[in-house]
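Written below as structure tokens is the structure these notes are about.
The values are calculated or read from the model by the stated rules, or taken from the named source; none is laboratory data. The shown structure was predicted, so the numbers you read here are calculated from the model rather than taken from an experiment. Reconstructed Cβ throughout: ideal geometry from the backbone, glycine too, with neighbour counts over all protein chains shown. Just the protein is used for accessible areas: all its heavy atoms, side chains included, with ligands, DNA and RNA removed. Shrake-Rupley method; radii C 1.70, N 1.55, O 1.52, S 1.80 Å.
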Amino acid sequence: MINKERVYQRLQELGKIGLRESGGVTRHAFTAEHRTSKDLVAEYMRQAGLSVREDAVGNLIGRREGRDPHAPVVLTGSHIDTVCDGGIFDGGLGIIGGIEVLQTLKEQGIETQHPIEVYAFNDEEGSRFSFSMFGSRGVIGDLSPKDLEMKDKAGMTVAQAMSEQGFDSVKIQEAIRAKEELKAFVELHIEQGKVLERNDLSVGIVTGIVNELWMKIVVNGEAGHAGATPMNLRQDALVAAAEMVQVIESEAKKTGSTVATVGRFNVFPGGINIIPGRVEFTLDLRDISQEVSDQVEAAIFKEIERICQERGVQIETEILQRIPPTPCSQEFQLAAKKACQEIGLKYFCLPSGAGHDAMQMVNICPIGMIFIRSKDGISHNPAEWSSMEDCADGVNVLYHVLLDTAVR
Ligand code: HGY
Ligand code: MN
Ligand code: MN
Ligand code: MN
């Protein structure tokens, strides 16, 4: 079957690009490390006998022809960018695994009816420009002029970063794939949670992906003298924001299914002897049910309103992205169950708490996702790790699902 040593060796090699002292990997969109990683993956694609191209939004694509070049394409793959100080499996596994399936089919001389393509998606994490899935949004035609004007911490816009790497943001529409040219998108990914490990399973079949609400919240109070301002006369933006963070956590905890995270929190002006006048923080809110997510969002902002009244501060909010929950197609859940049975693996179904490019691809074709176990459920962390055996199980399930989908 697939060559598990080759998979693991390639994952380690790719994982060296963007390696930081922390032992984590940082490969942000349209950076030199990102370019180097795409050049390495392009080499793997060529070794697998694929034709290789890069599209107008910086996705790298390897294609294996089928008997009918006009038959709808079966897609697989994942993202090649990472979070800051991330692990080597998040994203990389789906790309290397997809290439391995196609290289194995080539070595076995197996022909399929449909072409199969592996996408190394650009900027799924959104770590540099504060909105995610840039590459897969480009494929479905969901990028707006506002997206191209989003800035990174250095003040560079997406359009400028693109042109620095030789891409012309005027041409982004060229990356769009039409619904009728696609059959499916199947993504292999690490679970990034503890469920498979708790059940002592190497692979899982994803039933659906949670929604994703990303917001920027600015709390405006009044900067003042730390020594001369009595406690009862303050409009302290930091203490108000801190209370808001507590409320975010307590409202999310109430449902038992919602997750809410404040990942960025910046205080201004930031002097030791100045009462903070402004705080900017981010909210990441998710639930498998859009209705529950909406209820929690409303409850949070009702409480934030109360805090503003009590503390004499105001807020400004900016929606960075709203992505609805995404069901995985029954057909591919069935195909993955059949694959597990054929391989002799116990199958297990679970939702995804993490977001994925599949949430975008579902707009133009049916999607399926396969998970493998994450040690201690750790991810977005240098300690992210999956065993060679688990990677091999995941790639073998992907092999069966892609073959069954493309062969006829
Ligand atoms: O944020 C996420 O869930 C994914 O890792 N991009
Ligand atoms: Mn991630
Ligand atoms: Mn990921
Ligand atoms: Mn099969």
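Checking each residue in segment 312-346 for being under 28 Å from His380 (Cα atoms), open to solvent by 80 Å² or more (accessible area, probe 1.4 Å) and out of contact with any Gly (no Cβ under 8 Å at 6 or more places or on another chain) picks out Arg322, Lys346. Checked against (1) within 16 Å of ligand 1 (Cβ to nearest atom); (2) in a strand (DSSP E or B), Phe129 passes all but condition (2).
Taking the criterion of being open to solvent by less than 10 Å² (accessible area, probe 1.4 Å), within 14 Å of ligand 2 (Cβ to nearest atom) and among the hydroxyl-bearing types (Ser, Thr, Tyr), the residues of segment 119-154 that qualify are Ser132, Ser136. Counting only residues that are small (Gly, Ala, Ser), over 20 Å from Gly353 (Cβ atoms) and touching a Ser or Thr at 6+ places or on another chain (Cβ under 8 Å), segment 60-96 holds 2 of them. Screening Asp376 against (1) open to solvent by 20 Å² or more (accessible area, probe 1.4 Å); (2) on the phi < 0 side of the Ramachandran plot; (3) not aliphatic (A, V, I, L, M) leaves a single unmet condition, (2). With a requirement of 1 or more residues that are open to solvent by less than 10 Å² (accessible area, probe 1.4 Å) and within 19 Å of Met162 (Cβ to Cβ), the strands (runs of 3 or more DSSP E) lying completely within segment 1-110 that satisfy it span 60-64, 73-79.
Listed here are the residues, each with its yes/no results for (1) hydroxyl-bearing (Ser, Thr, Tyr); (2) at pLDDT below 95; (3) in contact with a Leu (Cβ under 9 Å, 6 or more places away or on another chain).
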residue	(1), (2), (3)
Ser163	yes, no, no
Ser169	yes, no, yes
Gln173	no, no, yes
Glu181	no, no, no
Ala184	no, no, yes
Leu188	no, no, yes
Glu197	no, no, no
Gly204	no, no, yes
Val210	no, no, no
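Taking first residues from segment 336-349 that are under 13 Å from Asp390 (Cβ atoms) and partners that are acidic (Asp, Glu), the Cβ contacts under 7 Å between residues at least 6 apart in sequence or on separate chains come to Leu345/Asp393. Would segment 238-261 turn up any residue that is farther than 22 Å from Thr326 by Cα, in a loop (DSSP other than H, G, I, E, B) and open to solvent by 20 Å² or more (accessible area, probe 1.4 Å)? No, the conditions are met nowhere in segment 238-261. In the condition set (1) away from ligand 2 (no atom under 16 Å from the Cβ); (2) in the same structural domain as Val395 (by the TED database), Gln192 is compliant with all but (1).
Residue-wise test of (1) within 16 Å of ligand 4 (Cβ to nearest atom); (2) within 16 Å of Asn122 (Cα to Cα).
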residue	(1), (2)
Arg67	no, no
Val74	yes, no
Leu93	no, yes
Ile99	no, no
Thr104	yes, no
Gln108	yes, no
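Here the strands (runs of 3 or more DSSP E) wholly within segment 164-227 that include at least 2 residues being open to solvent by 30 Å² or more (accessible area, probe 1.4 Å) are 212-220. Of the residues making up segment 146-161, not one is more than 24 Å from Glu280 (Cα to Cα) and modelled with pLDDT under 95.
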